[in-house]
Structure formats: structure tokens, C-alpha cells
Amino acid sequence: MERPRSTDDLPRCGWATSAPEYVRYHDEEWGVPLHGDDALYERLTLEGFQSGLSWITILRKRPAFRAAFAGFSIPAVAAFTDADVERLMADAGIVRNRAKVVAAVRNARAALDVPEGLSALLWSFAPAGGRPRPQTPDDVPATSPESVALAKELKRRGFSFVGPTTSYALMQATGMVDDHVASCFRAGERHPD
């Protein structure tokens with residue numbers, strides 16, 4: 001099987017080779033352990049906005065999302081009003097889906113109510129121990145028992161747009177799981193937690 005390659009000839013996961021934004025995201029962020037409430041809130045929000053869309057759309061709009069959502073400061077977004085929701089609905093730089101915008105505000109408010117902090121909550125669902133490395137993209141699951149449990153707990157705590165697939169994508173993106181395929185140059189890299 002031929003390994004996907006970019007212009008620098010490094011073998012990458014197949015999804016990461018079709019656009020420069022994908023290459024950069026794959027090489028620098030995807031699968032790298034990420035901690036911090038605001039940082040994880042950003043990723044949770046972006047994964048929710050991605051639902052039903054291409055991830056490249058979200059990556060290209062990410063600077064506008066950051067500006068529109070106060071740098072993803074949980075306290076700032078939690079304080080958004082109906083007027084802020086209307087402002088966001090008029091912002092062509094982001095995905096203007098009312099349910100997703102309202103969910104982002106609701107999720108910031110829910111995050112404020114997590115006593116242990118959002119980062120600690122999310123990471124408490126990271127799988128313990130190793131698992132077989134995906135050999136091909138077909139071996140990468142869309143959900144896991146941990147992502148199902150995480151989605152259930154987030155919903156119980158008042159979060160929305162956090163189903164098992166979105167939760168698993170969050171786990172992949174933030175290094176809770178390592179789904180780089182075996183042929184990828186990033187497979188098995190160790191990153192500081």
C-alpha cells in the first residue's frame with residue numbers, strides 16, 4: 001500500500017495531505033496532548049461546529065472563530081447575551097448555524113460549572129493503556145467506549161453538540177488517543193503531557 005505523502009515527502013495519515021492547512025494541523029496539532037480549560041473548550045467548540053461539514057472549512061475559519069468567540073475564553077463566552085448570539089449569526093467569517101452558536105455559549109456556561117475544570121473532566125475519559133495502532137484509515141474508529149461515556153457525561157452536565165463521534169474526534173485531536181496510522185511519520189511519537 002502506498003503511503004500518503006506531501007510535498008516534503010514525509011508519510012502522513014491519508015486525510016492530512018490534500019491541503020496545506022491539513023498538513024500543518026496534522027504535523028503540529030492533531031494528536032498532541034492538549035491541556036487547559038480554554039484550549040480544550042476551543043477544540044470542543046470547533047469539533048461541534050465541524051459536525052456535518054468538512055474539517056478544512058473549520059480550519060480555514062479558525063482565526064475568525066477565535067475573534068468571534070473572545071479567544072475561546074470560557075468566562076467571556078459564558079457571559080454572551082442574546083445580542084452576542086445575533087452578532088455571531090451575522091458574522092460571515094464563522095459557520096452561522098444558530099443551534100451550534102447557542103451550543104457554544106451553553107457549553108461555556110456548563111464548563112464554568114465543572115468543579116474539577118473542563119480539562120480534568122475531559123482527560124478523565126482518556127483510555128488507559130495502549131491499543132493496536134491503526135494500520136489503515138479503515139482501522140480508525142468513529143467512536144470508542146470512552147467517547148460514548150464522555151458524551152453521556154457531558155450531556156448530563158448540560159453540554160450539547162457533544163455526541164460520541166464528536167467526543168472521539170476531540171479525543172483524537174487533543175492527544176487523548178493516538179490514531180496516526182502505522183505508516184505516518186507521527187505514529188507513536190511521544191509528546192510531553
Calculate the spin-label point distance for ALA76 paired with ARG133, positioning each point 7 Å from the Cα along the beta-carbon direction, and give it in nanometres.
4.0
Length gained when the stretch ALA67-ALA39 is fully extended (0.36 nm per residue, less Cα-Cα span):
8.7 nm
How far apart, in nanometres, would the label points at TRP15 and ARG87 be if each is projected 7 angstrom from Cα along the Cα-to-Cβ direction?
3.3
The chain, helix-only ellipticity at 222 nm - DSSP H runs n ≥ 4, -39,500 (n - 2.57), divided by all residues, nearest 500:
-14500 deg cm²/dmol
Would you mind checking the tilt of helix 145-156 against the longest principal axis of the Cα atoms of the chain, expressed as 0 to 90 degrees and rounded to 10?
0
Full-stretch length increase - GLU28, THR165 - with 0.36 nm per residue and alpha-carbon distance subtracted
47.1 nm
Net lengthening on full extension, ASP8/SER54 (0.36 nm per residue, minus Cα-Cα):
14.1 nm
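Bear in mind that the values in this text are calculations on the coordinates, not laboratory data. Owing to the predicted nature of the structure, the values given are computational and were not obtained by experimental measurement. Every residue, glycine as well, gets a Cβ built from its backbone with ideal geometry; the counts of neighbours run over all protein chains shown.
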